[in-house]
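Read through the structure below, which is laid out as structure tokens, and then see the notes.
Coordinate-derived values only; no laboratory data. On a predicted model such as this, the values are computed, not experimentally measured, just so you know. Don't worry about glycine lacking a Cβ; one is built from the backbone with ideal geometry, like all the others, and counts go over all protein chains shown.
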Amino acid sequence: MAVVLVVDDEFGIAELIQAILEDEGHRVLTAIHGRAALARLSQDEPELILIDFMMPVMDGAALFRTIANDPKLKHIRLAMMSSLPRETVLKGLGDVPFLRKPFRYKDVLAVVEEALDGRK
Amino acid sequence: MALETVRSGIGGLDAILQGGFLNGGVYIVQGEPGAGKTILGNQLCYNHVAQTEGFALYVTLLAESHARMMAHIGAMSFFDPEAVPDRVYYVSAFRVLEEEGLKGLVTLLRREVQNRNVSLVVLDGLVAAEETAGTPREFKKFIHEVQTVAAVSASTMFLLTSASASNIPVAAEQTMVDGVIEMRLRLYGRRSEREIIVHKRRGGPFLEGRHSFLITGDGLCVFPRTEALLARPTPGDRAPAFRVMTGVAGLDDMLGGGLIGPSPMMVVGPPGIGKTTLGIHFLGGCSAKEPGLFFSFYETKDAISRQARQLGSPLAKWLETGVVDYVWQPTTDGLIDDVAARLLDIVRRKGIKRLFLDGVDGFVELAVEPERVKPLFTAITNELRALGVTVIYTHEDDVCVTGGVLPLTGTHLRGASGIAETIILMRYAELRSELHRFVSVLKARNSHIARTLRRFEMTDRGIVVEPDNAGAEGVLEALQSGFQPQRGD
């Protein structure tokens, strides 16, 4: 089981993903935008961060790049999620696990499994 | 200094607003759930980025999820997937509102507008902000701060709310903003009609009252109330009056040498008397330089083409070649303002000079408020006259057969003078087992008309009016005396 940080501005989405993953035994943290997520990382270190693409204050792409370029954080696994198409969201971010909204329960579990697959 | 305006890109709405919204203004859009606010909000965003170099931000509070919203609007023609996220951006601010209150929400709006150089904002779910405010004063303060952000950033803001419409337009926040728009669904018996009302628009005049709209695959289609939109007809050249032949020689003779154009004529008569046939004669006189339009609520183009061919009318050829356009509008469903707008659009686009509209009754059947038909028709008539169009309208009368009573008994034409400068009446006269047809000119402005009834027949070449009133005299005399005249007397 893992510690997962879910970053999403939309009311209900982060809470739903949290509930699904906690049922599977994961420990889940949430943040409402990129800047709040970075603040959270100073307290906790998740194994996986599931990041929404469009958010206020600091968007998903900016958060992704900040983590990926930070030597202290870049080992954390990242996955993106959005209602926009995969190719739009992952442009410039590389090939990372992607959750397309609206999603089904199994889609959430599948993307988390894919992102955590191969961890030490 | 005139304030810059931002067009909504929704033709009918911009017409109601007489130009659009004030740049940097704040507008409240109010309506119950299902009224179409979210579609309008999205349409404003996508139209804005399609028409300008601007950036649109859609902020939700307690609204449907962005994924579902995009799934719903994704099928609409204004939606441009390429515009998201570089020109249109969606964020949710509900959790910020929950955690940081109204102050946090204003801060979020300011930062997003500033950082993304936003020129249009939609805040969907204002009622959640209102509920968060501890007091009305606090909510007013929030609206004031939003206005300040809008003004400083020159970003036009639309606040969508499902709060009760009963307080329009007196609620404190509505007195502060630059405009208040209400959207609603009204029931008329079993039918319903969507309506949009601009209660307030600072900075200039607007078309007041209720206007209809539809939600279609193109988003909102707004139809300004025709009589309000055309309160002042389009300025025309005011060309001197000219004569237009109806195509029925005997009738043109009765009119003193044809119709005076551009002017409206109304033909009144019962079913089967020959009103539509008169239209075939009239539009048969069209040419490439004088294009026409056959607008029918009742008959299809094929039916009219067939009838025109049988009568040997040039209309059959004009319908094939496009000299005469044909519009068939069933009366089963539709908005009268939509129909009026389409009629005038084709007249303007094609430079129509002769219009046959069959008939006025179709508008009455479509109207959810029949009392609107007369002012609407007066407005259409004025506009068509300004556009130089000679019009023949038909109006169906009851089958009040003349038999022992005066020929005009039972005809209801009150109010017709407002929409017709010439009125032709077609009537049956029943003499024993035979139905005779009469035509008379009740009114023709500025013309020496025949003030007599004439008998006419429907032949294989169409309407043939007798050259004088002898035949009509004979029938009426026989009706009075009880004798049967010989045909042609």
Tell me the label-point distance for the pair B:L185, B:V152, using the 7 Å Cα-to-Cβ offset, in nm and rounded to one decimal. 4.1
Would you please put B:369-376, B:145-152 in order of how densely packed they are, using the mean number of other Cβ atoms within 10 angstrom per residue and starting with the highest? B:145-152, B:369-376
Signed unit charges on C-beta, dipole axis of segment B:242-481, positive-most listed residue B:V323, B:M426, B:G474: B:V323
Can you tell me the Rg and the Dmax, both Å, for the Cα atoms in chain A? 12.8, 34
Distance from segment A:73-113 to segment B:239-304 (C-alpha centre basis), Å: 67
Expressed in nanometres to one decimal, the distance between label points 7 Å along Cα→Cβ at B:E320 and B:M458 is 2.5
Between segment A:12-39 and segment B:370-396, the alpha-carbon center distance in angstrom: 64
Ignore the peptide's own chain and count Cβ atoms of other chains within 10 Å of each Cβ in B:58-66; give me the average, rounded. 3
Cα-based helix-to-principal-axis angle, B:275-284 vs chain B, degrees rounded to 10: 80
Rounded to the nearest 10 degrees, the helix B:470-481 long axis (Cα) sits at an angle to the longest Cα principal axis of chain B of 80
One finds, for B:D333 and B:E100 with R0 = 56 angstrom and r their Cβ-Cβ distance, a FRET efficiency to the nearest 0.05 of 0.70
Both in Å, the radius of gyration and Dmax of the C-alpha trace of segment B:346-386 are 11.5, 31
Candidate lysines for bridging to B:K140, where Cα separation is under 18 Å - those fewer than 8 sequence places away on the same chain excluded: B:K103, B:K200
Along the charge dipole of the protein assembly as shown, Cβ charges K/R +1 and D/E -1, which of A:V7, B:G25, A:M81 sits furthest on the positive end? B:G25
Need the full-extension length gain, B:L435 to B:T234, defined as separation in residues times 0.36 nm minus the C-alpha distance. One decimal, nm. 67.9 nm
Simple spin-label estimate for B:A50/A:A110, 7 Å along Cα→Cβ, in nm, reads 3.4
To the nearest 0.05, what FRET efficiency results for A:T88 and B:E208 with a Förster distance of 51 Å applied to their C-beta separation? 0.70
Scaled to the compact-protein estimate 2.2 N^0.38 Å, what is the alpha-carbon radius of gyration of chain B, rounded to two decimal places? 1.25
Residues of A:6-18, mean number of Cβ from any other protein chain within 10 Å of their own Cβ, rounded to a whole number? 4
What's the angle, to the nearest 10 degrees (0 to 90), between helix B:37-51's Cα axis and the longest principal axis of chain B? 90
Project the alpha carbons of the protein assembly as shown onto their principal axes and report the range along each, largest first, in whole Å. 113, 50, 42
Using a Förster distance of 41 Å, the FRET efficiency for B:N23-B:E131 (Cβ separation, nearest 0.05): 0.85
Cα convex hull of segment B:203-307 - mean projected area over all directions, nm²: 11.6
